[in-house]
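Below: the structure, in structure tokens.
The values are calculated or read from the model by the stated rules, or taken from the named source; none is laboratory data. It should be emphasised that the depicted structure is a prediction, and the values quoted were computed from it without experimental measurement. Virtual Cβ from ideal backbone geometry, glycine too; neighbours counted across all protein chains shown. Surface areas here come from the heavy atoms of the whole protein model, side chains and all, with no ligands, DNA or RNA. Shrake-Rupley method; radii C 1.70, N 1.55, O 1.52, S 1.80 Å.
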Amino acid sequence: MPLYPTSDTSNLTPEQHALLDDTFFESNPASYWRARIDDLLREPTPIDYREALAAQVTSYGLDERLLSTTKPTEAERELQRALDAFTLRHHLAESLVRMVHAVLAHWKMPGSRSIWPSLASNRDTGHDLVQALRAFEDQGEVPANLFMPATNVRALPSDPPADVEAGVRMHWQWVRRAMHLLVSEGLDANVGNNKLKHGLAVRPHNELRVSFVAGSPPPDGNVRLSTVESASSIIDATAIEFLERLPSRHEHAGSWEVTVLNLRPAPLIAESLMLSTVWASVFASAAADRFVGPDEAKPKHPGLVLGPPPDAIVREIVGYRQALTISDKSQTSRGLAVETSKGIVGLTQTGPGTNGTIVAD
């Protein structure tokens, strides 16, 4: 049982700060991210609910049929994989932003506190964190020792290798991507993640398909199959649908909106792998600068990655957003919009919705 010295004040002492960071940085939380990624990459296999962990679970007096009769289908398992890939990417994005913010706060006030208490006590919103990182970025070049141990940075020649400079810039691109996932003027993945996390107030889809077709539907309501096949896809994957009422700080505060996001497991997992690598580089660099234990106990640095950048992975339609009501603040709404990899495209609804039937050519 690890025992720390206690303080007779309401503040942690310098000794406690140092010991707490030693404990924190002796762990390897990067392995948690990688294990979750591997779980998502593992193909579903049939489970024998009478063996191994399942048998231990039911040994507490549960009816074995609670597992066998509620077993999800293969399609439902794939739906769960897409949702978990989405939540993992967002968990990583927020964790990366918070870790970078904690390290930068320590640089600003090096003797005030340590990294672990900073992370544990920070209650800033995503908006506040992102604003702080943007202000830091505006000050100039991102320092290499955010992603590399300070001793390694000091050992670099006056003209650093191109790969080091490119790697630092690439890592910051992924910090920017994490910031965008927390705070965006586009479709708000952060809201979707919160609705999924708090009470499961979302509607997952594995059958919804939405396409954009130039031109009006025929009067008879019959849409040719070839027209659908040549249309521009908007929702073409597993999707998540969620509601939001815009908060008071928003220009259109009070407006109800519905958002539908594509959840493509492959790019979500690829982004998670990049975000986890950048997170591990920040964690290991901070550990190298603060941990006073033996070298073999320090977390391993993953090295600097040179790519791919976010826009090489995020290349397809993100989804769409529709206003359901006007704002009680502006008396207007954001209308209907689609987010592509290049940005937001507004659409104008010119008539009521109609039903149609897809027919063969």
What helices does the chain have that are whole DSSP H segments, at least 15 Å long along their own axis by Cα, and with mean Kyte-Doolittle hydropathy of 0.0 or more?
265-290
List the residues, sorted by chain then number, that are 5 or more residues from Val318 or on another chain and whose placed amide H is less than 5 Å from its amide H.
Glu339, Thr340, Ser341
Which of these, Val57, Val164, Val345, has the largest mean-square fluctuation under a Gaussian network model of the chain (Cα springs below 10 Å)?
Val57
Tell me whether the stretch 50-166 comes out rounded, prolate or oblate; compute the Cα gyration tensor, take square roots of the eigenvalues as a ≥ b ≥ c, and use a/c under 1.5 as the rounded threshold.
prolate
Between the stretch 173-219 and the stretch 74-103, the alpha-carbon center distance in angstrom:
14
Over 20 Å intervals from 0, what percent of Cα-Cα pairs in the stretch 14-359 sits in each interval?
24, 50, 24, 2
In terms of modelled amide H atoms, which long-range or inter-chain residues lie less than 5 Å from the amide H of Val223?
Thr357, Ile358, Val359
By the Cα gyration tensor axes a ≥ b ≥ c (a/c under 1.5 gives rounded; else a/b larger than b/c gives prolate, otherwise oblate), the shape of the stretch 3-44 is prolate
Sorting Leu304, Ser114, Ser248 by the position of each Cα along the dipole of the chain (Lys, Arg +1; Asp, Glu -1; all at Cβ), the one nearest the positive end of that ordering is Ser248
Among Gly254, Gly199, Gly343, whose mean-square fluctuation peaks in a Gaussian network model of the chain (Cα, cutoff 10 Å)?
Gly199
Going by amide H atoms built from the backbone, whose H comes under 5 Å of the H on Leu347, apart from near neighbours?
Leu336, Ala337, Val338
Sequence gap at least 6, Cα distance under 8 Å: using those rules, report the relative contact order of the chain to the nearest whole percent.
22
Ordered by packing density, taken as the mean number of other Cβ atoms within 10 Å over each peptide's residues, highest first, how do 328-334, 277-283, 267-273 rank?
277-283, 267-273, 328-334
Could you sort the peptides 88-97, 243-252 by per-residue average Cβ neighbour count (10 Å cutoff), highest mean leading?
88-97, 243-252
The stretch 222-275 shape via C-alpha gyration tensor axes, a/c threshold 1.5:
oblate
Once Rh is set to the Kirkwood radius over Cα pairs, what Stokes-Einstein translational diffusion coefficient, in µm²/s, holds for the stretch 217-361 at a temperature of 10 °C and a viscosity of 1.306 mPa s?
81
Enter the accessible area per residue of the stretch 14-359 (Å², integer; probe 1.4 Å; all protein chains in place).
56
Bridge type composition, the chain - antiparallel percent by DSSP, nearest 5:
90
With +1 assigned to the C-beta of every Lys and Arg and -1 to the C-beta of every Asp and Glu, and no other charges, what is the dipole magnitude of the chain about the Cα centre in debye, to the nearest 20?
440
Candidates Ile240, Ile47, Ile115, ranked by Gaussian network fluctuation over the chain, Cα under 10 Å, top entry:
Ile47
